[in-house]
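Q: My questions all concern the structure below.
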Amino acid sequence: MTDDLSDDASQPASTARRKWRPAMLWLFAGFAAFAYTFDQLTKLWVTSTMTEGERIPVLPPLLHWYYIRNSGAAFSIGENVTWIFTIVMAAVSVAILFQLRRLGSAWWALSLGLLLGGALGNLTDRLFREPSFAMGHVVDFIQLPNFAIFNIADSAVVSGVVIICLLTLRGIGLDGSRHVSSTKPASDRKPASGSSPGE
């Protein structure tokens, strides 16, 4: 009887999540498209209006536009193995798409959308920019003091990862369900039968 009641109670929540799933998918697609489009438009603006190596003060000394082309990852790591980053970004994009069948949370839609849009933004550079297919250099232009030069795609990826970490710490699953720890604090535990609280 208890199992039947628990099954009946879980069905409305499961049904509600299924009804919300199309909305979550549209939300995910919207954030991914926004991150990707914003990244590509800013890179188009930089390559069209600046020369490589040019530095423009925006909010000095905090913010400058500094146009460089990066063959590696952050902090110019792995400059001689560009193809590895191309494969990694493609794999990340595919992995995100495989997770969408479980999507039932607006915050997860936001984080995965930003992550996919950012990954595809830099992947586009790797595939289609000079010097060759799958070996292209990524356009970076945002410079902060004592920090690596980056772009909008990098910002989207980092933002998505931060949100995912926060959701995980709060126990919010990809489907929107909240996972609560089964362990209770010692103060909440009932004393054993036959013994007083002071024993």
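The values are calculated or read from the model by the stated rules, or taken from the named source; none is laboratory data. Quick caveat: nothing in here was measured; it's all calculated off a predicted structure. Neighbour counts are summed over all protein chains in view; Cβ atoms, including those assigned to glycine, are modelled from backbone coordinates with ideal geometry. For accessibility, only protein heavy atoms count, side chains too; no ligands or nucleic acids. Shrake-Rupley method; radii C 1.70, N 1.55, O 1.52, S 1.80 Å.
Q: Within region 45-53, can one find any residue that is buried (at least 16 other Cβ atoms within 10 Å of the Cβ), part of a helix (DSSP H, G or I) and at pLDDT 95 or above?
A: Looking for residues that are buried (at least 16 other Cβ atoms within 10 Å of the Cβ), part of a helix (DSSP H, G or I) and at pLDDT 95 or above, one finds at least one in region 45-53, hence yes.
Q: Right, next: Which ones in region 31-40 are of a type in the set (A, V, I, L, M, F, W, C) and either open to solvent by less than 90 Å² (accessible area, probe 1.4 Å) or over 20 Å from the mean Cα position of the chain (by Cα) (or both)?
A: Phe31, Ala32, Ala33, Ala35 - these are the residues of region 31-40 that are of a type in the set (A, V, I, L, M, F, W, C) and either open to solvent by less than 90 Å² (accessible area, probe 1.4 Å) or over 20 Å from the mean Cα position of the chain (by Cα) (or both).
Q: Just to be sure I understand the filter: pairs with C-beta atoms under 9 Å, separated by 6 or more residues or on different chains, first member in region 151-174 and assigned to a loop (DSSP other than H, G, I, E, B), second member surrounded by 21 or more Cβ atoms within 10 Å (Cβ to Cβ) and of a type in the set (Ser, Thr, Tyr). Which pairs pass?
A: Matching pairs, first to second residue: Gly173/Ser105; Leu174/Ser105.
Q: Among Phe141, Phe147, Phe133, which is the only one that is outside any helix (DSSP H, G or I), modelled with pLDDT of 95 or more and over 15 Å from the mean Cα position of the chain (by Cα)?
A: The conditions single out Phe141.
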